[in-house]
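Have a look at the structure below, then the notes.
We did not get these values from a lab; they are worked out from the coordinates using the rules stated. Fair warning: this is a prediction, and the values are worked out from it, not measured in the lab. So basically every Cβ, Gly included, is an ideal-geometry build from the backbone, and we count neighbours across all protein chains shown.
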Amino acid sequence: MAQFPNTLKQAIEWLSTFGKDSDGGVTRTLYSKTWREAQDALKKWMEGRGFHTYYDSIGNLFGRLPSDDAEAPTILVGSHVDTVKSGGKYDGAYGVIAGVLAINHLYEKFGKPKMNLEVVSLCEEEGSRFPIACWGSGMMTGVYSLNDVVGLMDSEGVNFLDAMKESGFHCQNYSLRNNLHAFIELHIEQGPSLEKLDKEIGIVQTIVGQKRFRITVKGETNHAGTTLMKWRKDPLHGAVKMILSLYEASMQYDDNLVATVGQLFVAPNVPNVIPGQVDFTIDARHPVESTLIHFYERFSREFFLLGKELGLEVELSKWHEVLPVQMDSKLNDKVLNICCEKGISYHVMNSGAGHDAQLFTRICPAAIIFVPSRAGISHSPFEYTSHQDLETGLKVLTQLLYELAY
Ligand SMILES: [Zn+2]
């Protein structure tokens, strides 16, 4: 058992050796060899600490500390160990490791809990190998079924179901998880708020809603030298004005509204040709759905007006939408009280990023606890959270599980 870690710090370093890249990052994509090795190692680590472990048929890994009461519900805690390409060692991994250490500590100190305590290492939270995020939690909560992955391919053309089988999972008779009393996820913030406010713990109230759009602006492609400015129907001119109006409109709302133009496609994309078509994307997020709708109606109205003014054809399509999700207020109150009692500074906040916990809100009360991310950096080898902050998060999680399960 000597190779297994004993402390939080050791465990984070230990898990990061599975899939370690030469640039200091970690790559463990779903159903890859390194991902499976990491899951198997976690399983053995938990077994060494007395957990009852098992995989479900898609590869979610569980470690259970059962109560003596056969009827007792379960408190599930966890996160994910899949990463983006060259990601950091804390994103996801921290929540799984902290869950194991918290439950182990409680067992050693207080014996068996009144409610079952269970850790889960969920699969494909990131959606970085296959275009489906929160696959593991989505299956457990009935958001997804096997049909949702049929035909999905990774960037190398490997089929989802083949990759799953290759990794040893066959998704047979998948049944929804029931009898959960709560789901708790401890995670790095992946943003700069806690660091900027000098707070140790973030209590997530809402996971923001998202809407993504694709805007197509069509004009007339022509010669860059012979077409006078006043004769042009230049879609890039239109797109620039639209993007500017989008940014200006976004500043008229509260700080929680964020809008991003992340992709711009110019056709034919040649230096001496007036473009004929420009496409761009918008990712807009806010914790209140009605605000997002108001923003969308405002910028789309403006886009069509600009199109008309410049003689351009404008098409707008919404291709992705996630409604805002409220985390459980009673669990949040408990976390807040724990922080107050222990003299830990906290900040009640929203999460601009999605997490597995939001899927669990469909079947049980769920909470997300954040610890600071240095400079707000994540999904990068430079992702970092201080040892002290990681320990503070573990302390809060341990106390919360104690209050819920003992
Ligand atoms: Zn994560």
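Quick notes on this structure:
- Environment charge at Y174 (Cβ cut-off 12 Å; Lys +1, Arg +1, Asp -1, Glu -1): -1
- Counting neighbouring beta carbons within 10 Å and listing from fewest to most, the residues C364, C340, C134 come out as C340, C364, C134.
- Summarising the label geometry, the points placed 7 Å from Cα in the beta-carbon direction at D68 and N173 lie 3.2 nm from one another.
- The chain, relative contact order [Cα under 8 Å, separation at least 6], %: 22 percent
- Links that overshoot a 21 Å alpha carbon limit, given the list K9/K330; K89/K165; K43/K89: K9/K330; K89/K165
- Pairwise centroid distance, computed over Cα atoms, of region 93-142 with region 1-66, Å: 11 Å
- In terms of its alpha-carbon gyration tensor, region 67-127 comes out oblate; a/c meets the 1.5 threshold, while b/c is at least as large as a/b.
- Three-way shape call for the chain based on the alpha-carbon gyration tensor, with the a/c threshold at 1.5: prolate
- Positive-end extreme of charge dipole, the chain - chosen from S378, I103, P275 (charges on Cβ): P275
- Rounded to 10°, Cα long-axis angle of helix 289-310 versus longest principal axis of the chain: 20 degrees
- With a Förster radius of 51 Å applied to the C-beta separation of F265 and Y406, the computed FRET efficiency comes to 0.35.
- Here the spin labels are modelled as points 7 Å beyond Cα on the Cα-Cβ line, and at T226 and D21 they lie 4.9 nm apart.
- Scaling against 2.2 N^0.38 Å puts the C-alpha radius of gyration of region 209-322 at 1.13.
- Spin-label pair Y107/N337, simplified geometry with 7 Å Cα→Cβ offset, distance in nm: 2.7 nm
- A Förster radius of 41 Å, combined with the Cβ-Cβ distance separating I132 from S345, puts the computed FRET efficiency at roughly 0.65.
- For region 1-154: rounded, prolate or oblate by the Cα gyration tensor [a/c cutoff 1.5]: oblate
- DSSP bridge pairs, the chain: antiparallel proportion in percent, nearest 5: 65 percent
- Ranked by the mean number of other Cβ atoms within 10 Å per residue, highest first, peptides 165-171, 92-98 order as 92-98, 165-171.
- Protection-proxy order for peptides 389-400, 324-335, 3-14, each taking the mean of Cβ atoms within 10 Å per residue, highest first: 389-400, 324-335, 3-14
- Sorted by Cβ density within 10 Å, fewest first, the residues R36, R129, R362, R177: R362, R36, R177, R129
- Rounded to the nearest 20 debye, dipole of the chain from Cβ charges on Lys, Arg, Asp, Glu: 260 debye
- Backbone HN-Hα couplings from phi across region 116-124 [Karplus 6.51/-1.76/1.60, Hz, Gly and Pro as x]: 5, 10, 9, 9, 10, 10, 7, 9, 6
- Protection-proxy order for peptides 74-85, 344-355, each taking the mean of Cβ atoms within 10 Å per residue, highest first: 74-85, 344-355
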